[in-house]
């Protein structure tokens, strides 16, 4: 029987000619637990005995799954409900050439940052005269100076980590960079507060005066110290707002725009360091190097966070083509544009999207691609969790879009084993659905476990079932309330007996990801073969 013809190439025809029967590819006999969601008044049909040579359904751990079936010859396209996806010609996975793992690259980056901190300490030591550390006051002042240098260096590192440098974002990953930025932020505030306290204490000890009057004198009379004090206050405020207990109570937009005051703090700190820093006032080479480092980071910010998105927008002319409801509180936004293939996006990656409407043009949010890049359209799938994400369901076709990316290291390049398990929670299925479509694999080499609370929470059941049928993969739906034992190690082994010999890709809410990591380790999966991405950045 001939395979369906490829879908039309133009974006408008692609969207208009799509099959609108959302459950066309969902087999009710295969997944009876999802059937009431699609037909709430109907009685699920009884499964008929499968005719030979179709394999008999298997039941593992109480979850019905589709057993792998032999894959047919690779063809151009397979129609899956509303989306036509390209069937990949690669059905056999080959071990990639030697490439440093993500964890190794992260350790190398941390080593380089540590070397930079050592160079800063060496600069302080070289410019500290012999015998200058005699007495308590001198020692406190010297400690204040070295902590000031380290604080200025760490502040620069913080900005660089969030400059969205493409190589770092794609090879190490945005989630690791954001987590490191958050951890360094706690040390940064402590170091800068220690710098201010040590300097004032040292001056007070040397002048034999009290701490309070000396603090007033230093802030009001020392050159550029009042400006530095304002910068320190801004950084302390940003640090307090970024604490998890406070951050959870703030809207993302509020937190984000208050966070931008950190850039003003960087400028104030830089001016203070050059004006009164003992290591820079008399050392021209150090002054040039310090200024050059700040200019380099500023250039990265300008190029990758401002010029890059504008250039991408002008070149590709991205627009909203359609918005479709996928599940309760979940919508997909289809984006079309020019020359999308040149974006070189990969399944599992994400963009930061900025929709140019009256209430959204000033904010960009990260959302993963929920279908493999195909050169004709991009699709992001979002659960309504805040004002911005709830508003995406009201977007109209034709709205202009600015995008930054593609970003993210959660791609097939992490894979090191032939067999793969994809473990999704909630709308975290979006990048895993794209990986399920594109991972080079033969029949039986890829399984997807989808954790959701109710059938109404399941996203893409028709597409997942269709991809699994086309590729000889298995899909397991784990339905039940949160906090249960669905992801327990024994349960995972019953569904996927060879889980310990697989690469596992995990994406979902933070609590689910941490539980999955823990249970996968108990199931025998080595840490280096668990690849996780959290979408709470």
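Laboratory data are not the source of any read-out in this text; all were calculated from the coordinates shown. All figures in this text were calculated on a predicted structure; none of them were measured in a lab. Please note: Cβ atoms are built from the backbone with ideal geometry, for glycine as well, and neighbour counts cover all protein chains shown.
Quick look at the values:
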| read-out | value |
| --- | --- |
| Least to most buried among 176, 255 (fewest other Cβ within 10 Å first) | 255, 176 |
| Euclidean distance of C-alpha centroids, segment 450-529 and segment 280-337, integer Å | 34 Å |
| Sorted by Cβ neighbour density within 10 Å, fewest at the top, the residues 249, 502, 352, 182 | 249, 182, 352, 502 |
| Peptides ranked, highest mean first, by Cβ atoms within 10 Å: ranges 299-307, 430-438, 403-411, 235-243 | 430-438, 403-411, 235-243, 299-307 |
| Distance in nm between pseudo-label sites at residue 278 and residue 227 (7 Å out along the Cβ direction from Cα) | 2.2 nm |
| Segment 279-383 shape via C-alpha gyration tensor axes, a/c threshold 1.5 | prolate |
| Overall form of segment 413-537 per C-alpha gyration tensor (a/c, 1.5; a/b vs b/c) | rounded |
| Potential extension, residue 498-residue 271 segment - 0.36 nm per residue separation minus Cα distance | 75.8 nm |
| Fewest-first ranking of 501, 290, using other Cβ atoms within 10 Å as the exposure measure | 501, 290 |
| Global form of segment 181-315, assessed from the alpha-carbon gyration tensor, a/c cut-off 1.5 | oblate |
| Full-extension gain in nm, residue 315 to residue 341, via 0.36 nm per residue minus C-alpha separation | 8.2 nm |
| Extension gain (nm, one decimal) between residue 250 and residue 216, 0.36 nm per residue minus Cα-Cα | 8.8 nm |
